[in-house]
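No value in this document is a laboratory result; all are computed from the given coordinates. In this text, all values refer to a predicted model and were calculated from it rather than measured experimentally. Heads up, the Cβs are rebuilt from the backbone with ideal geometry, glycines too, and the neighbour counts pull from every protein chain shown.
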Amino acid sequence: MIKDTILQLNEAMDSLIFADTSSINWTYKAAPDKWSKKEIIGHLIDSAQINLQRFVRCTYEENFKLTYEQVEWVKAGRYQEVDIQDLFGLWEQLNGQIIHVLEKYPPDRLQAKCDNSKTEVSLHTVEWLAQDYVDHMIHHLKQVF
């Protein structure tokens, strides 16, 4: 299962890396409380940072809680002010590291769990978190294109 997830992550990355993004208005916001496409990429960067921590920590720890406030992170990251090419580079590097970690993941730790909920305990395995991460990324990349 993890090999399929890694393949899907590689394909999702390629869909952005090799896309013609020159005609996209990266800063347009449909409403003040909506994210621009640049901020969506920023959100995916935040998601990559959090999930990389989860994957690494699950190699040696279990049942810990790691969540984040996505709206606050995007606001604090000030992605609207960052050059889109810099955001692409950071996103690509973080996801490259996630792939590197997952490709060498200790098989006996793939069922390790962590809590990613904000309220009630909701433990998920590394395999589930990895697939959820990729599904989340694909969802947001569809918003960009």
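For region 35-136, what relative contact order do you get, as a whole percent, if you take Cα pairs closer than 8 Å and at least 6 residues apart? Don't skip to the end; give the middle numbers.
On the way: 107 pairs, mean separation 37.7, N = 102.
Relative contact order comes out at 37 percent.
Under the classification rounded if a/c is under 1.5, otherwise prolate if a/b is larger than b/c and oblate if not, where does region 1-87 fall, given a ≥ b ≥ c as square roots of the Cα gyration tensor eigenvalues?
Working: a/c = 2.78, a/b = 1.38, b/c = 2.01.
It is oblate, given that a/c is not under 1.5 and a/b is not larger than b/c.
Which one of M13, V74, N51 has its Cα pushed farthest toward the positive end of the charge dipole of region 8-75, where Lys and Arg give +1 and Asp and Glu give -1 at the Cβ?
V74
Need one word for region 27-128: rounded, prolate or oblate. Basis is the Cα gyration tensor (sqrt eigenvalues a ≥ b ≥ c); a/c below 1.5 gives rounded, then a/b vs b/c decides. If you can, show how the numbers build up before the last one.
Values: a/c = 3.35, a/b = 1.65, b/c = 2.03.
Because a/c hits 1.5 or more and a/b fails to exceed b/c, region 27-128 counts as oblate.
Can you give the charge dipole size of the chain about its Cα centre, rounded to the nearest 20 debye, using +1 on the beta carbon of Lys and Arg and -1 on the beta carbon of Asp and Glu? Each step should come with its number before you reach the end.
On the way: 15 positive and 22 negative charges, 42 e Å.
So the magnitude is around 200 debye.
Quickly estimate the mean residue ellipticity at 222 nm for the chain, helices only: each DSSP H run with n ≥ 4 gives -39500 (n - 2.57), and the total goes over all residues, rounded to 500.
Values: 5 runs with 84 residues, N = 145.
That calculation yields -19500 deg cm²/dmol at 222 nm.
Using DSSP to define loop residues, name the GluC sites (Glu not before Pro) in region 93-145 whose beta-carbon has at most 13 other beta-carbon atoms within 10 Å. Please report the intermediate quantities before stating the final value.
Values: sites: E103, E120, E127; in loops: E120.
Here the GluC sites (Glu not before Pro) that fit, given the DSSP loop and packing criteria, are E120.
Loop by DSSP (not H, G, I, E, B), at most 14 other beta-carbon atoms within 10 Å: where is the longest site-free stretch of the chain for trypsin sites (Lys or Arg not before Pro)? Can you show the working numbers first?
Numbers: sites that count: K29, K34, R78, K104, K118.
Free of exposed loop sites, the longest segment is 35-77.
Treat the count of other C-beta atoms within 10 Å as a stand-in for reagent exposure and order V121, V71, V101, V126 from fewest to most. Mind dumping the intermediate values first?
On the way: V121 8, V71 12, V101 17, V126 25.
Fewest to most other Cβ atoms nearby, the residues stand as V121, V71, V101, V126.
Post the alpha-carbon centroid distance, region 1-65 to region 81-132, in whole angstrom.
When both Cα centres are located, 9 Å separates them.
Can you sort M1, M13, M137 by how many other beta carbons sit within 10 Å, fewest first?
Details: M1 11, M13 19, M137 23.
Lowest count first: M1, M13, M137.
Looking at region 1-82, which chymotrypsin sites (Phe, Trp or Tyr not before Pro) are in a loop (DSSP not H, G, I, E or B) and have at most 16 other Cβ atoms within 10 Å? Working shown, then result.
Details: sites: F18, W26, Y28, W35, F55, Y60, F64, Y68, W73, Y79; in loops: F18, W26, Y28, W35, Y60, Y68.
Here the sparse-neighbourhood loop sites are F18, Y28, Y60, Y68.
Name the lysines eligible as straight-distance cross-link partners of K113: C-alpha to C-alpha under 21 Å, and not fewer than 8 places from it in the same chain.
K3, K65, K104
Could you pull out every whole DSSP H run in the chain that spans at least 15 Å of Cα extent along its own axis and averages -1.0 or higher on the Kyte-Doolittle scale?
Details: long enough: 2-17 (22 Å, 0.36); 37-57 (30 Å, -0.20); 84-103 (28 Å, 0.32); 126-144 (27 Å, -0.25).
Counting only whole DSSP H runs, the qualifying helices are 2-17, 37-57, 84-103, 126-144.
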